[in-house]
Amino acid sequence: MIRSLLIANRGEIAVRIVRAARELGIRSVAVYSEPDRLAPHVLEADAAYRLGPASSSQSYLSVERLLGVARAAGVEAVHPGYGFLAERAHFAAAVRDAGLVFVGPTPETIQAMGDKTEARRRMRDAGVPIVPGLVDPVADADAALAAAEEIGYPVLLKAAAGGGGKGMRVVVEPEELPRSFDAARREALAAFGDGSVYLERYLDRPRHVEIQILGDTQGHVVHLGERECSIQRRHQKLVEECPSPALTPELRAAMGQAAARAGEAVGYVGAGTVEFLYQDGAFFFLEMNTRIQVEHPVTELVTGLDLVAWQLRIASGEALSFTQEDVTLKGHAIECRITSEDPYRGFLPSTGTVTHLQVPSGPGVRWDGGIQAGFEVSLHYDPLLAKLIVYAPTRGAAIARMARALDELVVRGVDTSAPFHRRVMDEPDFRQGALSIRYVEEHPDLLNGGGDEEVLRAAAVAAALLEDEDRQRHRTPRITASQGPGSTTPSAWRRGGRPWTDA
Ligand code: ADP
């Protein structure tokens, strides 16, 4: 087993990796930028080294500085987490060249899967269904027009080097194509230093369903069920769950087998995710992510497997100790991404000091966080503060549990996405599992409302005081939640919830 590990990341995922390392008896070494010097991942690791100032290019993205720390700390391996350098083949290669173990697949696999056209070619050749469209970039707008004619509108222009939803353009009719082509090219060039663009069919209302895989260095690949990640905004996931309410056992097996085939086709080592779009009973390969994903905990809760621990075991050369038949899904898990964004202002990033933090707990609740009271939220990094994950025997019970946990959560000092999540838990389509990637766009009410929280809080306090005064005077409640027979709820005032009567 690896004995020491550098964690080339920050925030909740760095904390998550420290925890797995500690349980396996691995010494963990954290790195930090100046503003992160007292962040939880720094405090919880066995050692921590400063990388540089706030800017990512001089800290978490600096290969040179990271390798310098690896040398100074004498570690044996490097875990990249997700984001930052996790899917940069040159980083994996530099780690390997420095004589260290990279926790993840080979640089060759990362490189191949990072190019969407090459990934599509490889998957097609391995017999994995891909979204209909091209497997090579198009040279110019005329070639794009000709291809679109064949694929059929609407089409989606995509950057071959794409990621994070950048360089994507939906084109509904031929007239728009030349302009969108230029825009996608420009955006791709700016974001990835590579302007290659290709086309695929734009599916109307698909779900995003992805399959977790694990591969070991002995050549075994297993799939660990799916995650439903359809609730997205601007192609960024907001809520994830396992299992997907859409899949039958037959579909799950078919998608799982396709994902395992995809992994085998590229000699996959470590934890990876094969993303699919699913619509009308058919599924299509979207891309393969060669890293641990933000939403991995829902799979962990439903399979009972610790994915980060398995990443470290596999990197140590251990073979998977179980086969496909041993993998079973039990119960239901949901994750909400708690970000420093205000859902009522178009998910505008919010900054400031976290003045108070109350973390939900109790049965079936997991908090994977990267913040604490006193933590300064800045615009330097990703807005993900923490993940709230729940587990229960059924989907309905998991939804109720998530609603309860969100009611317990208090984050003061910065706005968070939590009020959006709380509304989703009550929304009828979500409750029925009627989802597609257009869910948020089709439910604009989830983003309206809010109001100034301070004013609301003051109003609630005033109302509670008034009621208390009233009760003292009359010894009976004046505000009632229900006029129906059998109502015993004394008041409509609740801290973050509905009265428990159904009226
Ligand atoms: P990125 O690598 O930039 O994240 P992906 O290829 O993973 O891009 O796609 C991100 C999201 O964009 C998907 O989850 C889905 O919501 C949407 N999307 C991608 N391809 C299509 C398509 N062909 N039709 C409809 N929606 C798509």
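The values are calculated or read from the model by the stated rules, or taken from the named source; none is laboratory data. No experiment lies behind these values; they were computed from the predicted model shown. Neighbour counts are summed over all protein chains in view; Cβ atoms, including those assigned to glycine, are modelled from backbone coordinates with ideal geometry. Note: areas computed on protein heavy atoms with side chains; ligands, DNA, RNA excluded. Shrake-Rupley method; radii C 1.70, N 1.55, O 1.52, S 1.80 Å.
Out of everything in the stretch 149-167 that is part of a loop (DSSP other than H, G, I, E, B) and buried (at least 18 other Cβ atoms within 10 Å of the Cβ), what residue ends up being nearest to the ligand (Cβ to nearest atom)?
At the first step, the residues of the stretch 149-167 found to be part of a loop (DSSP other than H, G, I, E, B) are 152-154, 160-167.
Remaining after also requiring buried (at least 18 other Cβ atoms within 10 Å of the Cβ): 160-162, 167.
Details: Ala160: 11, Ala161: 9, Gly162: 4, Gly167: 7 Å.
The selected residue is Gly162.
Take the stretch 347-368 and flag every residue that is part of a loop (DSSP other than H, G, I, E, B) and on the phi < 0 side of the Ramachandran plot. Walk me through how you get there before you give the answer.
In the first step, residues of the stretch 347-368 are kept if they are part of a loop (DSSP other than H, G, I, E, B); the result is 347, 350-351, 354-355, 359-364.
Within the stretch 347-368, Ser350, Thr351, Val354, Thr355, Val359, Pro360, Ser361, Pro363 meet the criteria.
Restricting the first residue to the stretch 369-394 and requiring it to be part of a loop (DSSP other than H, G, I, E, B), which pairs with a second residue that is acidic (Asp, Glu) meet a Cβ separation below 7 Å and a spacing of at least six or different chains?
Close Cβ pairs satisfying both conditions: Gly370/Glu12; Pro383/Glu341.
What single numbered condition from (1) among the hydrophobic types (A, V, I, L, M, F, W, C); (2) open to solvent by 20 Å² or more (accessible area, probe 1.4 Å); (3) touching a residue at least 40 places away in the same chain (Cβ under 8 Å) fails to hold for Phe347?
Here Phe347 meets the rest and fails (2).
So if I check each of Leu189, Leu199, Leu203, which one is aliphatic (A, V, I, L, M), under 24 Å from Gly133 (Cα atoms), surrounded by fewer than 22 Cβ atoms within 10 Å (Cβ to Cβ) and in contact (Cβ under 8 Å) with a residue 60 or more places away in the chain?
Working: Leu189 fails: in contact (Cβ under 8 Å) with a residue 60 or more places away in the chain; Leu199 fails: surrounded by fewer than 22 Cβ atoms within 10 Å (Cβ to Cβ).
The match here is Leu203.
Within the stretch 442-462, is even one residue touching a helix residue (DSSP H, G or I) at 6+ places or on another chain (Cβ under 9 Å), touching a residue at least 24 places away in the same chain (Cβ under 8 Å), of a type in the set (A, V, I, L, M) and closer than 30 Å to Glu44 by Cβ?
Looking through the stretch 442-462, none of the residues is touching a helix residue (DSSP H, G or I) at 6+ places or on another chain (Cβ under 9 Å), touching a residue at least 24 places away in the same chain (Cβ under 8 Å), of a type in the set (A, V, I, L, M) and closer than 30 Å to Glu44 by Cβ.
Restricting to the stretch 209-224, what's the tally of residues that are in a strand (DSSP E or B) and over 12 Å from the mean Cα position of the chain (by Cα)? Step through it out loud before you land on a result.
Step one: list which residues in the stretch 209-224 are in a strand (DSSP E or B), which gives 209-215, 221-224.
From what's left, over 12 Å from the mean Cα position of the chain (by Cα): 209, 211-215, 221-224.
Counting residues in the stretch 209-224 that are in a strand (DSSP E or B) and over 12 Å from the mean Cα position of the chain (by Cα) gives 10.
If you scan the stretch 83-108, which residues turn out to be assigned to a loop (DSSP other than H, G, I, E, B), of a type in the set (Val, Ile, Thr) and open to solvent by less than 30 Å² (accessible area, probe 1.4 Å)?
First, pick out the residues of the stretch 83-108 that are assigned to a loop (DSSP other than H, G, I, E, B): 83-88, 98-100, 103-106.
Next, only the ones that are of a type in the set (Val, Ile, Thr) stay: 103, 106.
If the condition is that a residue be assigned to a loop (DSSP other than H, G, I, E, B), of a type in the set (Val, Ile, Thr) and open to solvent by less than 30 Å² (accessible area, probe 1.4 Å), then Val103 is the only one that fits.
Table: residues versus (1) within 16 Å of the ligand (Cβ to nearest atom); (2) closer than 28 Å to Ser316 by Cβ; (3) not small (Gly, Ala, Ser).
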residue	(1), (2), (3)
Tyr82	yes, yes, yes
Ala92	no, yes, no
Val95	no, yes, yes
Leu100	no, yes, yes
Lys116	yes, no, yes
Arg122	yes, yes, yes
Val128	yes, no, yes
Ala139	no, no, no
Leu145	no, no, yes
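Take the residues of the stretch 225-245 that are surrounded by fewer than 20 Cβ atoms within 10 Å (Cβ to Cβ) and outside any strand (DSSP E or B): which is farthest from the ligand (Cβ to nearest atom)?
Among those that are surrounded by fewer than 20 Cβ atoms within 10 Å (Cβ to Cβ) and outside any strand (DSSP E or B), it is Pro245.
For Val170, which of the numbered conditions (1) within 24 Å of the chain's Cα centre (by Cα); (2) within 12 Å of the ligand (Cβ to nearest atom); (3) crowded, with 21+ Cβ neighbours inside 10 Å fails to hold?
That leaves (3) as the condition not met.
What residue, of Arg422, Arg395, Arg337, is under 22 Å from Ile17 (Cβ atoms), at pLDDT 95 or above and under 20 Å from the mean Cα position of the chain (by Cα)?
Arg337
Just give me the residues in the stretch 267-296 being aliphatic (A, V, I, L, M), under 15 Å from the mean Cα position of the chain (by Cα) and either open to solvent by less than 10 Å² (accessible area, probe 1.4 Å) or within 11 Å of the ligand (Cβ to nearest atom) (or both), in sequence order.
Ala271, Val274, Met288, Ile292
Looking at (1) modelled with pLDDT under 95; (2) in the same structural domain as Thr299 (by TED's automatic domain parsing); (3) of a type in the set (S, T, N, Q), find the lone condition where Ser436 falls short.
Of everything listed in (1) modelled with pLDDT under 95; (2) in the same structural domain as Thr299 (by TED's automatic domain parsing); (3) of a type in the set (S, T, N, Q), Ser436 misses just condition (1).
Here is a list: Ile292, Ile334, Ile338. Which entry is assigned to a loop (DSSP other than H, G, I, E, B) and either without any contact (Cβ under 8 Å) to a residue 24 or more places away in the chain or touching a helix residue (DSSP H, G or I) at 6+ places or on another chain (Cβ under 8 Å) (or both)? Let's see the steps before the verdict.
On the way: Ile334 fails: assigned to a loop (DSSP other than H, G, I, E, B); Ile338 fails: assigned to a loop (DSSP other than H, G, I, E, B).
The conditions single out Ile292.
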